[in-house]
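The values are calculated or read from the model by the stated rules, or taken from the named source; none is laboratory data. In this text the structure is predicted, and so the values were computed from the model without any measurement. Backbone-built Cβ (ideal geometry, glycine too); neighbour counts: all protein chains shown. Side chains are part of the model used for accessible areas, which takes the heavy atoms of the whole protein and leaves out ligands, DNA and RNA. Shrake-Rupley method; radii C 1.70, N 1.55, O 1.52, S 1.80 Å.
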4 protein chains.
Amino acid sequence: MMYETVNTGLIDVESLPWVPFTPYSPDVLLKYIKLDPVRGEMVVLLKAPGGMQMPRHHHTGTVIVYTLSGQWKYREHDWVATPGSVVYETASTEHTPVAMPEGGEVLALNIIVGELVYLDQEDRVIAIENWKTSMQRYLAYCQANGIEPQDLTAFSG
Amino acid sequence: MMYETVNTGLIDVESLPWVPFTPYSPDVLLKYIKLDPVRGEMVVLLKAPGGMQMPRHHHTGTVIVYTLSGQWKYREHDWVATPGSVVYETASTEHTPVAMPEGGEVLALNIIVGELVYLDQEDRVIAIENWKTSMQRYLAYCQANGIEPQDLTAFSG
Amino acid sequence: MMYETVNTGLIDVESLPWVPFTPYSPDVLLKYIKLDPVRGEMVVLLKAPGGMQMPRHHHTGTVIVYTLSGQWKYREHDWVATPGSVVYETASTEHTPVAMPEGGEVLALNIIVGELVYLDQEDRVIAIENWKTSMQRYLAYCQANGIEPQDLTAFSG
Amino acid sequence: MMYETVNTGLIDVESLPWVPFTPYSPDVLLKYIKLDPVRGEMVVLLKAPGGMQMPRHHHTGTVIVYTLSGQWKYREHDWVATPGSVVYETASTEHTPVAMPEGGEVLALNIIVGELVYLDQEDRVIAIENWKTSMQRYLAYCQANGIEPQDLTAFSG
């Protein structure tokens, strides 16, 4: 039965590849760590060059961001996230991330529940990201680069 | 502090109004019971006439549907949900609900985490529903009908 | 990979057995519908005779209770839950359920996240219930009664 | 209404105190970052000296651990968590944490859903930790040290 395959486990993050966030922002690199196909939770490291702006979006659930290096902000807020800070994002809030040039490369751990909905200037949906698109991007990257993919969707100890 | 306002509570469902699902399907009535502004969970009763089809959509998190009366199905699945059954929907799955004409009015309790993303034939997003749009629809309906709105977003015992 | 086994599905609740809540309250019957081995969510129908009191407990996450028939209350609250009402329980709140004698048999749908911790008069833990103990009780009941168990822990469509 | 106080926000982790994990392991320091009084989620930094063992426990929901420095393991598993690794713990699994002496001080970010249930050798519950006990420990520490407490239970942007 399914439960017999479920257990607490360690994920060797170093063994996972940095995947470019194609086709949206190929300079942004994502390391997919865990993708929950039942509830849509994603554990993802994000790396972006200082000075970069990413598209405006809302996410459909909570997001917890722990910043490891660099500085970034949301255009819609006054604060700047620096290393060691935590940003707690509530469901269906909207923002435009900017990596501050002075902080250098941004590296951040994200625990995302649900989807990211990217919007253009007229609030039209231009892209949706979720556990499925993440898995497809990871698998395509592995195939293109001769990497044996791991099962990021299993909780197998 | 916030936690001092939080407690287990009873919601008197009868005192809440049936709100038409305007502008999409005004024949579908929704009773919003709880809307979580932190995580985006929604507890909602849905009532739809037998024979009705609703737009294709995916939802960004899980949905649990307990059918109280009527019969309905998803075009994409073979099964028919009948009274007393439970449908467990996993994150980012897509389907087109149909209320079976032979079952009469459908009444179902829904525990929805996240958003519903409605799609047209070409997979373009035509509408997004979440705790915010639900709260707006509820408040607008209350105002238009002289109803004192309750705070569906509080967990206040 | 794990995700290939995950999909939206119908659970035929009628095909599942009523399992006595042994050894605590064998007059209370539980129908386990879904047990999530990753996050500990449980979807469970509960049936209890009118007039019955169950042990005081707290639960470690949220509980949503939809009452289908009968009347019940928590000793710690003034309200009485009647058919069609929703009780929303917040994490780590404590209460003593009582089925009102005048309401007849209580039947209620429960969406429970996490564990139930049962306490005695001196606040000592006397029992803990979770997806594991639920699965064990279900499997033991199936075996003792010659029932082929279903995999309540799968989300397999 | 409650939702009007909810928004995405930055938590200035540096401004929060390290609170000793009294009375269990005063050498272990906890920095409580967010405590969700509705669902029982806790975001907590943990600091423990190398070589230390903590009591065996299970937790009632998922735990995600991101190790920032040091090395630690669970007696029940073979792997060792090193800086940059992620441990994903599934609901109701049980383990005994050990900080490896050779790794120096352990510093780890924890996203915990629900409660921790500490057990003695005979599997009797010796302590339970949750958002309420965490809030009490934080408030008591603030009071004893003349610190103005922040509302860790609000999601107020």
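Points worth noting:
- Just one of the numbered conditions (1) in contact with a Phe, Trp or Tyr (Cβ under 9 Å, 6 or more places away or on another chain); (2) open to solvent by 20 Å² or more (accessible area, probe 1.4 Å); (3) more than 27 Å from B:Val6 (Cα to Cα) is not true of B:Leu107: (1).
- Qualifying residue in segment A:90-99 (condition: among the hydrophobic types (A, V, I, L, M, F, W, C), touching a strand residue (DSSP E or B) at 6+ places or on another chain (Cβ under 8 Å) and within 14 Å of chain B (Cβ to nearest Cβ)): yes
- Some residue of segment D:74-85 being over 17 Å from D:Leu109 (Cβ atoms) and touching a residue at least 60 places away in the same chain (Cβ under 8 Å): no
- Which listed residue, of D:Ile126, D:Ile111, is within 12 Å of the chain's Cα centre (by Cα), assigned to a strand (DSSP E or B) and within 14 Å of chain C (Cβ to nearest Cβ): D:Ile111
- Selection count, segment D:62-76, where residues are out of contact with any His (no Cβ under 7 Å at 6 or more places or on another chain), under 26 Å from C:Ser134 (Cα atoms) and more than 14 Å from chain C (Cβ to nearest Cβ): 0
- Residues of segment D:22-32 satisfying the condition of being under 29 Å from A:Ala108 (Cβ atoms) and either open to solvent by 20 Å² or more (accessible area, probe 1.4 Å) or in contact (Cβ under 8 Å) with a residue 40 or more places away in the chain (or both): D:Leu29, D:Leu30, D:Tyr32
- If you go through segment C:23-43 and keep only what is modelled with pLDDT of 95 or more and assigned to a loop (DSSP other than H, G, I, E, B), you end up with C:Asp36, C:Pro37, C:Val38, C:Arg39, C:Gly40.
- Filter result for A:Ile112 (in contact with a strand residue (DSSP E or B) (Cβ under 7 Å, 6 or more places away or on another chain) and closer than 18 Å to A:Leu29 by Cβ): yes
- Scanning segment C:82-93 for residues that are small (Gly, Ala, Ser) and within 28 Å of D:Val113 (Cα to Cα) yields C:Ser85, C:Ala91, C:Ser92.
- Residue ID - surrounded by the most Cβ atoms within 10 Å (Cβ to Cβ), chosen from residues in segment B:110-157 that are free of Cβ contacts under 8 Å to residues at least 40 places away in the same chain and among the polar types (S, T, N, Q): B:Thr133
- In the condition set (1) in contact with a Lys or Arg (Cβ under 7 Å, 6 or more places away or on another chain); (2) over 26 Å from D:Val117 (Cβ atoms); (3) touching a residue at least 12 places away in the same chain (Cβ under 8 Å); (4) not polar (S, T, N, Q), C:Val19 is compliant with all but (2).
- Qualifying residue in segment B:53-69 (condition: closer than 21 Å to C:Thr82 by Cβ, touching a residue at least 24 places away in the same chain (Cβ under 8 Å) and in contact with an Asp or Glu (Cβ under 8 Å, 6 or more places away or on another chain)): yes
- Each residue in segment B:41-52 was checked for being without any contact (Cβ under 8 Å) to a residue 60 or more places away in the chain and open to solvent by 20 Å² or more (accessible area, probe 1.4 Å), and 4 of them qualify.
- Against the list (1) at pLDDT 95 or above; (2) within 15 Å of the chain's Cα centre (by Cα), the condition A:Gln71 fails is (2).
- If you go through segment A:44-70 and keep only what is more than 20 Å from D:Asp12 (Cα to Cα), part of a loop (DSSP other than H, G, I, E, B) and touching a Ser or Thr at 6+ places or on another chain (Cβ under 8 Å), you end up with A:Met52, A:Met54, A:Pro55, A:Arg56, A:Thr60, A:Gly61.
- Exclusive hit being in contact with an Asp or Glu (Cβ under 7 Å, 6 or more places away or on another chain) and among the β-branched types (Val, Ile, Thr), set C:Val113, C:Val98, C:Val80: C:Val113
- Of all the criteria given as (1) in contact with a helix residue (DSSP H, G or I) (Cβ under 8 Å, 6 or more places away or on another chain); (2) of a type in the set (S, T, N, Q); (3) open to solvent by 20 Å² or more (accessible area, probe 1.4 Å), the one not satisfied by C:Ser85 is (3).
- The listed residue being more than 14 Å from chain A (Cβ to nearest Cβ) and buried (at least 20 other Cβ atoms within 10 Å of the Cβ), out of B:Val80, B:Val19, B:Val13, B:Val38: B:Val19
- Residue within segment C:131-143 that is within 25 Å of D:Glu129 (Cβ to Cβ) and over 18 Å from the mean Cα position of the chain (by Cα) present: no
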